[in-house]
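The next block holds one structure in the form of structure tokens; read it before the comments.
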Amino acid sequence: MSEEKDKKVQDGTTISRRSFIKGVGTGVVAATVAPTSLVEKAEAQQSIDELPGVTEATISLNINGRTYKVKVESRTTLLSVLRDAIDVNGERIDLTGTKQICDRGECGGCTVLMDGKSVYSCMILAIDAQGKEITTIESLAEGDKLHPIQEAFIEHDALQCGFCTPGFVMSAKALLNENPDPTLEEVKRGLAGNLCRCGAYPRIFEAVQAAAKRMRV
Ligand code: FES
Ligand code: FES
């Protein structure tokens with residue numbers, strides 16, 4: 001790591017993924033060869049603590065057009081920042097419309113847009129979201145005016161428990177950004193990364209096609 005980068009890390013202003021991985025990787029190697037006696041273990045622990053590995057840093061994220069500065073660990077996901085992080089001014093970000101369901105990239109409940117593309121926020125490290133435009137479900141409505149996709153979900157009764165709905169809406173937004181007039185098959189493919197345990201799929205697909213029609217007018 002260059003001296004300049006080291007300084008940035010110590011200042012807590014920025015961190016690259018490479019730095020995190022380097023630090024964590026070095027720690028793992030040191031831990032693997034740690035001796036067994038308690039004294040030796042203590043010495044090994046001390047030397048691990050002195051390694052240039054980074055466990056926490058302050059990063060900036062652009063979420064819904066606003067910049068948030070948050071302290072994160074190397075393992076912190078974007079989802080966890082959106083829902084639980086407190087920014088450096090003491091304000092909770094509190095964007096809980098993005099749902100944490102499986103937390104392992106299987107259900108799509110945590111879908112947000114990153115530079116316009118849909119991603120599972122539970123599978124994105126917060127540090128990797130630096131410099132990207134993050135869009136969450138909270139930014140779709142304008143005041144009391146819902147986004148056409150949200151309106152269509154309500155009009156077509158495209159939900160039961162509603163837990164999967166924000167993820168579906170965000171995937172639909174990403175789809176319609178790229179393809180304003182999708183066929184039913186294209187809608188199904190565009191939403192294939194989202195699961196609905198209530199089985200509301202037919203109405204969800206209908207709603208997305210209706211929203212597409214409305215947005216084309
Ligand atoms: S919570 Fe992220 S994919 Fe399920
Ligand atoms: S509406 Fe309940 S999981 Fe989809």
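The values are calculated or read from the model by the stated rules, or taken from the named source; none is laboratory data. Predicted, not measured: the structure shown is a model, and the values here were computed from it. Here the Cβ is made from the backbone with ideal geometry for all residues, glycine too, and neighbour counts use every protein chain on show. In case anyone asks, the SASA skips ligands and DNA or RNA and just uses the protein heavy atoms, side chains included. Shrake-Rupley method; radii C 1.70, N 1.55, O 1.52, S 1.80 Å.
Can we say R214 is over 22 Å from the mean Cα position of the chain (by Cα), away from ligand 1 (no atom under 16 Å from the Cβ), under 18 Å from G109 (Cα atoms) and touching a residue at least 24 places away in the same chain (Cβ under 8 Å)? So R214 does not fit the description; no.
Out of the residues in the stretch 96-122 that are open to solvent by 20 Å² or more (accessible area, probe 1.4 Å) and of a type in the set (A, V, I, L, M), state the one that is farthest from ligand 1 (Cβ to nearest atom).
Let us first name the residues in the stretch 96-122 that are open to solvent by 20 Å² or more (accessible area, probe 1.4 Å), namely 96, 99-106, 114-120.
Still in the running and of a type in the set (A, V, I, L, M): 101, 114, 119.
Numbers: I101: 4, M114: 13, V119: 9 Å.
Within the stretch 96-122, the match that is farthest from ligand 1 (Cβ to nearest atom) is M114.
Quick one: count up the residues across the stretch 59-96 that are assigned to a loop (DSSP other than H, G, I, E, B) and closer than 14 Å to G131 by Cα. Total satisfying the criteria: 2.
Within the stretch 150-157, can one find any residue that is away from ligand 2 (no atom under 16 Å from the Cβ), in contact with a Lys or Arg (Cβ under 7 Å, 6 or more places away or on another chain) and modelled with pLDDT of 95 or more? Before you say what the answer is, go through the steps one by one.
Of all residues in the stretch 150-157, those away from ligand 2 (no atom under 16 Å from the Cβ) come to 151.
Right, trim to in contact with a Lys or Arg (Cβ under 7 Å, 6 or more places away or on another chain) and you get none.
No, the conditions are met nowhere in the stretch 150-157.
Check the stretch 82-91 and report whether any residue there is among the β-branched types (V, I, T), in contact (Cβ under 8 Å) with a residue 24 or more places away in the chain and open to solvent by 50 Å² or more (accessible area, probe 1.4 Å). Taking every residue of the stretch 82-91 in turn, at least one turns out to be among the β-branched types (V, I, T), in contact (Cβ under 8 Å) with a residue 24 or more places away in the chain and open to solvent by 50 Å² or more (accessible area, probe 1.4 Å).
Taking the numbered list (1) surrounded by fewer than 20 Cβ atoms within 10 Å (Cβ to Cβ); (2) touching a Phe, Trp or Tyr at 6+ places or on another chain (Cβ under 8 Å); (3) β-branched (V, I, T) in turn, I154 passes all entries but (2).
Evaluate the following for T165: is it touching a strand residue (DSSP E or B) at 6+ places or on another chain (Cβ under 7 Å) and within 15 Å of ligand 1 (Cβ to nearest atom)? It would help to see each step written out before you state the result.
Working: touching a strand residue (DSSP E or B) at 6+ places or on another chain (Cβ under 7 Å): no; within 15 Å of ligand 1 (Cβ to nearest atom): yes.
Spelling it out, it is not the case that T165 is touching a strand residue (DSSP E or B) at 6+ places or on another chain (Cβ under 7 Å) and within 15 Å of ligand 1 (Cβ to nearest atom).
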